[in-house]
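The block underneath contains the structure these notes are about, expressed in structure tokens.
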Protein chains: 2
Amino acid sequence: MATKYKILFQPHNQEIEVEENTTLIRAAMEAQIHINASCGGEGVCGKCRVIIEQGIVEDGISEQLDKEDIDKGIRLACKIKVKDNLSVRIPIESEIDSKILNADFGQRKTAKIKEEDFELLKEEGKFVNPVEKKYLEISPPRTQDNIPDISRLINHLKIECGETKTEPELSVIKEAPDVLRESDFKATVSMIKPVRDERKTKIVKIQPHNTEAENYGIAIDIGTTTVYLQIIDLNNGNVLSQYGDFNGQISYGEDVISRIVIAEKGGLEKLSQVILATVNRLIKKAVKKANISKDNISAVAIAGNTVMTHLLLEINPRYIRRSPYVPAATILPPFKANQIGIDLKEHTTALIYPGVSSYVGGDIIAGVMGAGMYLSEKLTLFIDIGTNAEIVIGNKEWFACAACSAGPAFEGGGIKFGMRAAKGAIENFSVNPATFEPMILTIGDVKPKGICGSGLITIIAEMFLTGIINGRGKFDKNLNQKRIRENNGIYEYVLAWANQTQINKDITVTEIDIENLIRAKGAIYSGAMTLLNEVGLSVSDLDRIIIAGGFGSFIDLERAMTIGLLPEIDAEKVTFIGNGSLLGAKMTLLNNNIRKEVVKVTKMMTNFELSETASYMDNYTAALFLPHTDINLFPKIKKKMAKNIT
Amino acid sequence: MATKYKILFQPHNQEIEVEENTTLIRAAMEAQIHINASCGGEGVCGKCRVIIEQGIVEDGISEQLDKEDIDKGIRLACKIKVKDNLSVRIPIESEIDSKILNADFGQRKTAKIKEEDFELLKEEGKFVNPVEKKYLEISPPRTQDNIPDISRLINHLKIECGETKTEPELSVIKEAPDVLRESDFKATVSMIKPVRDERKTKIVKIQPHNTEAENYGIAIDIGTTTVYLQIIDLNNGNVLSQYGDFNGQISYGEDVISRIVIAEKGGLEKLSQVILATVNRLIKKAVKKANISKDNISAVAIAGNTVMTHLLLEINPRYIRRSPYVPAATILPPFKANQIGIDLKEHTTALIYPGVSSYVGGDIIAGVMGAGMYLSEKLTLFIDIGTNAEIVIGNKEWFACAACSAGPAFEGGGIKFGMRAAKGAIENFSVNPATFEPMILTIGDVKPKGICGSGLITIIAEMFLTGIINGRGKFDKNLNQKRIRENNGIYEYVLAWANQTQINKDITVTEIDIENLIRAKGAIYSGAMTLLNEVGLSVSDLDRIIIAGGFGSFIDLERAMTIGLLPEIDAEKVTFIGNGSLLGAKMTLLNNNIRKEVVKVTKMMTNFELSETASYMDNYTAALFLPHTDINLFPKIKKKMAKNIT
């Protein structure tokens, strides 16, 4: 038997016992301690920095660590094989903190359904829920009328409620006799409504007396990085509680490809358990906060990208990352929530948002539905900005979509001091055009810890407009400013000196960071332009742009246009809908007819594989410039630059 | 903690440990040792005789035991509270033996579908199975055609097979990607076909390559007393194996009412487990014998009376025995076999035969379907003879039904030496009209052990025709025959002297036995006549009589008419179909359209409650005579009697 060692993680004060030679990052995963790791534990990202406080460690050193780090006891968790009892501290920049997700939830420029759209969801003045509750007053059996209880129930539904095709589940057959007699045959049934009238309405629950007023649903957005959910009152659309957290799977790699790799290596069941654990933890909190009974939760609507959906349902995603990139399924039937591992009662239905392809998933379709694109005649460009950006163009008549990989720059990945939009992240920046001295603002107004994606856009836009960097993202080496310096052969700009930071290191933005951001914005811009070209349209044809995504709701529109992330368009034509995926899930809970429409939308949607579209590479190359090699595409920026130069 | 004692049961050589004061009959149940008990352990039937071979027992004595019994160590198991380690022998007459069920299975006048009926089941020359297997050769995905695997499958089914509304189960979504690639996209799907075209066809299984040839179903008849099943090849209707056994619930009481009482007292889950154990044991044997894989068992069709169906599904039957006698449900949706506890794979569907009321269950409806009554224009009287007799009259246009309680006489209950139709049961009898000496034949040609129901009918018919008993069932005390004697004030006829029997006791038929049989036959005859009267018909209007039931297939038609169990009708108009319930279940597996028809039949069926039909009591009283108070209803018997008298 292998020797075992104890690992104590701080500041969590959590201990776990592992076998000799287990890597420390794997020990942390088992202890459910999250450590940033973008590479899935392959030792290349250098993010999983830990401080060894007690115990002997022989490895964990890497070129990503400098001498100073090593002297402080900092090591990379993925490189350490446990050979002693250890006490390990997770330093502040390696931790991820879900508090920020919940603190901001709802305060951003998010997901407000406009009153008129909300009314659109209603039919005959009320919501059409996928699971409807109906109070029935049934005449009790008599000697001359002693048909079975269930036949009596079905007949009543047929004659009194026009429900001609109902079918009870076994649990209802079992409960009905006692429930009906307990309440003098006055009872409430929950019915799953089919999307097509000719199909069966399933009776999934029977409760004594009138419980129509208590009918709840849960909208869930399962992102690669974060999970958000809301408990919705299905009678009036009110949000009763809402929570967000990081997807527990991020310990297993930050992007979908690394998750697929782990799933293929026998980790499928584990990944499914981990995301379910996240979802179930959030449900528990949200149900408690909303102070409702699980007995009255009728439905969950879940939106996620194609890989997240596969992993949630424990479907092997291996063929998604292999040519010709085929998912197992993108249109899924309704399930029982507890059948797929969600900790709700047996009668609760789970509706999974359908997707289109391996890279255009249910999250995007939910966004399209949530943004009301399928109802509108306006020609709309929908962009969900993130590591994987998805782009949809169309209106109620037609849709075209494409996905492009922007890389993790917007979420702080590949950026020397990049971090997620959490407390201490630099989110705003301006620069004195004479002295080139910065002014920085952080989330939570604390000492800076790093730079978040929206902060980086702002920094680069400002540095570009003030001439600190040029269109190729290179520093003006002639400026006499000590903040602009060469460090190991790479030019950088010091945003904050070590003594003013939380991490006691100079926080800088480097030419490599800028290059990464230009690549990311270039990928998204050129993706949108290629898709527009393919359908024979140009920016001037657009009636509006919808920006979705948690990150999207933070960005400053003018600065996004300045760096050429978004095409130049009137600000009033741009809408931020925040978490479109969550919004779409919510809307499905309030209008069941969306389920009929959504399959139409997925079928209308033409998917373009950008990697196989000839013009994409040209468009991409042309976009690797601030704001673009063809400045005439950005006339306002052109004018502003001309002003700055004079 | 309670003291524990060991009980060794012989001849089974099975030991069990129980707590002090456990009743011995309950110990036997736990040890899965069957002891006859008609009263559910209440100590009134006197059937649960056991011999205490070792250990001290202070109780177990009852007025049902005579001194001789007591001296031999015979006690009633239900009256013994365990207070010592015991060795207990189950005497031959208390044991029930399933061997006889299987030995006879198929050799009786059973369940042969006529060739022409068999062909009627086919549509376009082949069977229409409720779960169809379909071999598909799908074109593999390419870069230009990379829709999800499940969409590809569904499209193929739509375009190549005309299956426009298919929906996969989660297990299929999970398995499809690997199965399809394993077999170069040549695979076989199993589809549950809906009864209505507009509903969804569920894809429940996907297998690599062509497995169309292996598609099996199991027909199951769950009777109050016995369970029979057959494994059917769904491609050609062949029976691959078949087994029968006693319903394990008989240890808990012989009739449905005593089972309901136990279910109400907290025994519902146990009763469900016990019948499932019987079914699962039979399935195991039958699958082994048929040498097939459970992977290829697509469906089970189950027929049982309303109480058996409730208990199987663990539905509380309490309101069935309380006025106004309302079952929870008689029409049940399809279930997954493993969802209801049947030990088959997840993809196997369970179809439960619908019934009409508390007392006209799925077994009768299956019989009506199995006998083809729903297809025929012939006016048919269908009688299922048993403890609970069910009577159906009608043809393809209309149906009327009624149930009457005949009591257990036909199965040996309430008969001093009554037993089931097992080895050693007297099944045939004739009497020398001069000497009144008997000739007896037993099942298995061994020394007699008791009298089975069909034997009793024969004995009484013969004794009546020879004048040993009169029309009221009373012995002619003037006959000088030592076999006719008074015993404790009750007249009886000795069929076999003690030294010629297996039980070392005189086997007799008593006036009380005869009275019980007359009541039983009177109930059935008057039930049929009342039902005929209610629909304005008489015996002469009938085109045929169909006799169903395991017991029914043993009876001698002429003798049944002699005692007035059946109305007098031409013998060629009478058909014995044996186990109609099993036959109906089998037919459902071979023609799915029967499922559509069967619901029509249940809805067409008018149920008469005999207890509330005014004329029933008059008819019943008139029938308490051999063959009937109105001998003119039985002209042939009248003629025969006249001949005998002369």
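Output the residue which, of all residues in the range B:1-27 that are touching a Cys at 6+ places or on another chain (Cβ under 9 Å) and not in a strand (DSSP E or B), is farthest from B:Gln54 (Cα to Cα).
Filtering the range B:1-27 for residues that are touching a Cys at 6+ places or on another chain (Cβ under 9 Å) and not in a strand (DSSP E or B), the one farthest from B:Gln54 (Cα to Cα) comes out as B:Arg26.
Checked against (1) surrounded by fewer than 22 Cβ atoms within 10 Å (Cβ to Cβ); (2) within 17 Å of A:Asn296 (Cβ to Cβ); (3) within 14 Å of another protein chain (Cβ to nearest Cβ); (4) out of contact with any Pro (no Cβ under 7 Å at 6 or more places or on another chain), A:Val179 meets all criteria but (4).
So which of B:Lys396, B:Lys378 is free of Cβ contacts under 8 Å to residues at least 40 places away in the same chain, surrounded by fewer than 24 Cβ atoms within 10 Å (Cβ to Cβ) and more than 26 Å from B:Arg519 (Cα to Cα)? Working first, answer last.
Numbers: B:Lys378 fails: free of Cβ contacts under 8 Å to residues at least 40 places away in the same chain.
Only one candidate passes the filter, namely B:Lys396.
Reported count of residues in the range B:182-215, each being of a type in the set (S, T, N, Q) and touching a Pro at 6+ places or on another chain (Cβ under 7 Å), is 2. Against the numbered list (1) within 30 Å of B:Lys158 (Cα to Cα); (2) crowded, with 23+ Cβ neighbours inside 10 Å; (3) not basic (Lys, Arg), B:Asn235 comes up short only at (2).
Take A:Gly394 and decide whether it is at positive phi and in a strand (DSSP E or B). So that I can check it myself, show each step before the final result.
Details: at positive phi: yes; in a strand (DSSP E or B): yes.
Yes, satisfied.
In the range B:282-313, what residues are more than 17 Å from the chain's Cα centre (by Cα) and assigned to a helix (DSSP H, G or I)? Across the range B:282-313, the qualifying residues are B:Lys284, B:Lys285, B:Ala286, B:Val287, B:Lys288, B:Lys289, B:Ala290, B:Lys294, B:Asp295, B:Asn296. Take the conditions touching a residue at least 40 places away in the same chain (Cβ under 8 Å), crowded, with 22+ Cβ neighbours inside 10 Å and in a loop (DSSP other than H, G, I, E, B) and apply them to B:Leu565. Does it pass? So B:Leu565 fits the description; yes. Condition test on A:Val360, is it more than 10 Å from chain B (Cβ to nearest Cβ), in contact with a Cys (Cβ under 6 Å, 6 or more places away or on another chain) and either crowded, with 24+ Cβ neighbours inside 10 Å or at pLDDT below 95 (or both)? In short, yes. Filtering the range A:112-120 for residues that are in a loop (DSSP other than H, G, I, E, B), touching a residue at least 60 places away in the same chain (Cβ under 8 Å) and touching a Lys or Arg at 6+ places or on another chain (Cβ under 6 Å) leaves an empty set. With respect to B:Met617, determine if the residue is closer than 22 Å to B:Asn533 by Cβ and within 27 Å of the chain's Cα centre (by Cα). The answer is no for B:Met617. Against the criterion of being of a type in the set (Ser, Thr, Tyr) and under 15 Å from the mean Cα position of the chain (by Cα), B:Tyr353 qualifies. Scoring A:Ser293 on the criteria (1) buried (at least 16 other Cβ atoms within 10 Å of the Cβ); (2) at pLDDT 95 or above; (3) among the small types (Gly, Ala, Ser) leaves a single failure, condition (1). Residues of the range B:354-399 that are closer than 23 Å to B:Asp570 by Cα and aliphatic (A, V, I, L, M): B:Val368, B:Ala371, B:Met373, B:Leu375, B:Leu379, B:Leu381, B:Ile383, B:Ile385, B:Ala389, B:Ile391, B:Val392, B:Ile393. All of (1) within 14 Å of chain A (Cβ to nearest Cβ); (2) modelled with pLDDT under 90 hold for B:Pro354 with one exception: (2).
Here is a yes/no grid of residues against (1) crowded, with 17+ Cβ neighbours inside 10 Å; (2) without any contact (Cβ under 8 Å) to a residue 12 or more places away in the chain; (3) out of contact with any Pro (no Cβ under 7 Å at 6 or more places or on another chain):
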position: A:Ser581; (1), (2), (3): yes, no, yes
position: A:Thr602; (1), (2), (3): yes, no, no
position: A:Glu612; (1), (2), (3): no, yes, yes
position: A:Met617; (1), (2), (3): no, yes, yes
position: A:Phe625; (1), (2), (3): yes, no, yes
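Tell me the residue from B:Ala263, B:Ala213 that is hydrophobic (A, V, I, L, M, F, W, C) and surrounded by 20 or more Cβ atoms within 10 Å (Cβ to Cβ), please. Working first, answer last.
Working: B:Ala213 fails: surrounded by 20 or more Cβ atoms within 10 Å (Cβ to Cβ).
Just one listed residue meets the conditions, B:Ala263.
Quick check: is even one residue across the range B:207-226 outside the structural domain of B:Leu136 (by TED's automatic domain parsing), modelled with pLDDT under 95 and in a strand (DSSP E or B)? Within the range B:207-226 (the criterion being outside the structural domain of B:Leu136 (by TED's automatic domain parsing), modelled with pLDDT under 95 and in a strand (DSSP E or B)), the answer is yes, since at least one residue qualifies.
Residues that are more than 7 Å from every other protein chain (Cβ to nearest Cβ) and not in a strand (DSSP E or B) were ranked within the range B:137-151; the one that is nearest to A:Ser357 (Cα to Cα) is B:Ile147.
Every residue, every condition in (1) closer than 14 Å to A:Asn579 by Cβ; (2) over 14 Å from the mean Cα position of the chain (by Cα); (3) in the same structural domain as A:Ile315 (by TED's automatic domain parsing), yes or no:
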residue: A:His347; (1), (2), (3): no, yes, yes
residue: A:Val360; (1), (2), (3): no, no, no
residue: A:Ala371; (1), (2), (3): yes, yes, no
residue: A:Ser376; (1), (2), (3): no, yes, no
residue: A:Ile385; (1), (2), (3): yes, no, no
residue: A:Ala389; (1), (2), (3): no, no, no
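Residues in the range A:316-338 that are facing chain B (nearest Cβ under 7 Å), part of a helix (DSSP H, G or I) and surrounded by fewer than 17 Cβ atoms within 10 Å (Cβ to Cβ): there are none. Note on the range B:615-644: residues that are of a type in the set (Phe, Trp, Tyr) and not in a helix (DSSP H, G or I) amount to 2. Selection of the range A:438-467 for residues being surrounded by 17 or more Cβ atoms within 10 Å (Cβ to Cβ) and under 24 Å from A:Asn632 (Cβ atoms) yields A:Ile457, A:Ile460, A:Ala461, A:Glu462, A:Met463, A:Phe464, A:Leu465, A:Thr466.
Scanning the range B:497-518 for residues that are in a helix (DSSP H, G or I) and either of a type in the set (Val, Ile, Thr) or surrounded by fewer than 17 Cβ atoms within 10 Å (Cβ to Cβ) (or both) turns up B:Ala498, B:Asn499, B:Gln500, B:Ile512, B:Ile514, B:Glu515, B:Ile518. Per this entry, B:Ile154 is not counted among residues that are facing chain A (nearest Cβ under 8 Å), of a type in the set (A, V, I, L, M), buried (at least 18 other Cβ atoms within 10 Å of the Cβ) and part of a helix (DSSP H, G or I).
Among the residues of the range B:157-202, what is the count of those that are among the small types (Gly, Ala, Ser) and not in a loop (DSSP other than H, G, I, E, B)?
So in the range B:157-202, the residues among the small types (Gly, Ala, Ser) come out as B:162, B:171, B:176, B:183, B:187, B:190.
Still in the list and also not in a loop (DSSP other than H, G, I, E, B): B:171, B:176, B:187, B:190.
Of the residues in the range B:157-202, 4 are among the small types (Gly, Ala, Ser) and not in a loop (DSSP other than H, G, I, E, B).
Residues in the range B:157-171 that are more than 7 Å from chain A (Cβ to nearest Cβ) and either out of contact with any helix residue (DSSP H, G or I) (no Cβ under 8 Å at 6 or more places or on another chain) or without any contact (Cβ under 8 Å) to a residue 12 or more places away in the chain (or both): 10 in all. Answer yes if at least one residue in the range A:296-311 is crowded, with 24+ Cβ neighbours inside 10 Å, more than 10 Å from chain B (Cβ to nearest Cβ), over 29 Å from B:Ile147 (Cα atoms) and touching a residue at least 12 places away in the same chain (Cβ under 8 Å), and no otherwise. The answer is yes; a qualifying residue exists.
The values are calculated or read from the model by the stated rules, or taken from the named source; none is laboratory data. Model, not experiment: these values are computed from the prediction. Every residue, glycine as well, gets a Cβ built from its backbone with ideal geometry; the counts of neighbours run over all protein chains shown.
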